[in-house]
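The numbers here are math on the coordinates, done by the rules we state, and not lab data. Keep in mind that this is a model prediction, so the values were computed, not measured. Using ideal geometry, Cβ is built from the backbone for each residue, glycine included, and neighbour counts are taken over all protein chains shown.
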Amino acid sequence: MYIPIILGTAREGRQSEKVAYYIEDKVKEAGITTKILDVRDFRIEATTTEGAIVKRYKNEITKAEALIIVSPEYNHAYPGELKMMLDMAYNEYSGKPVGICGVSAGGLGGARVVEQLRLVLAAFGMIQIKESLYFSNVESLFDTKGTIQDASYDERVVKFLKQLKEGVK
Ligand SMILES: Cc1cc2nc3c(=O)[nH]c(=O)nc-3n(C[C@H](O)[C@H](O)[C@H](O)COP(=O)(O)O)c2cc1C
């Protein structure tokens, strides 16, 4: 099974990458092949559905059996660069399971970006799992080696991945 992880911010100093690496480890532990699709590696100047970068991105999404999106909340929504990347594909998403991980510096764990993303993913015809993960207080959630300091997340990730795997036909 192949389930890549979209990392949705290119911000210098982004905390969300710690969440993406943590999820990557957990996905691998579950015996699932994965890799991080980083918005930094799919930069475009303006929205387009054509060109070499779009082709590379579409190939990635075509190969994916399901998707995980790790996104910080920026002004109650998703980063613009994440939307630009998601908009490069359309048909390639259809019918694929997807799970969302929200990230925030505050206590809500990106709850609003998770809801906002659900609208976009519905437009793509993706199968959204019920479980979402909310990484709150992200600046203190990981130590300097990237180890998560709240063990309760491990259990939630297992449930999240179980739902995602069950969604793959
Ligand atoms: C432009 C911008 C807008 C933000 N808006 C929100 C917000 O609406 N809600 C929130 O909880 N955190 C907000 N934050 C703080 C993020 O939660 C914080 O930066 C966190 O570390 C996750 O994002 P990161 O991966 O960019 O570090 C915002 C951060 C930026 C840079």
Only one residue in 65, 81, 73 is away from the ligand (no atom under 16 Å from the Cβ) and charged (D, E, K, R). Which one? 65
Considering only residues that are more than 8 Å from the ligand (Cβ to nearest atom) and either basic (Lys, Arg) or touching a helix residue (DSSP H, G or I) at 6+ places or on another chain (Cβ under 7 Å) (or both), which ones fall in the range 2-18? 2, 3, 4, 5, 7, 8, 10, 18
Quick one: count up the residues across the range 99-143 that are aromatic (Phe, Trp, Tyr) and touching a residue at least 60 places away in the same chain (Cβ under 8 Å). 2
Just to verify a result, which residue in the range 54-88, among those that are closer than 17 Å to residue 119 by Cβ and of a type in the set (Gly, Ala, Ser), is surrounded by the most Cβ atoms within 10 Å (Cβ to Cβ)? 71
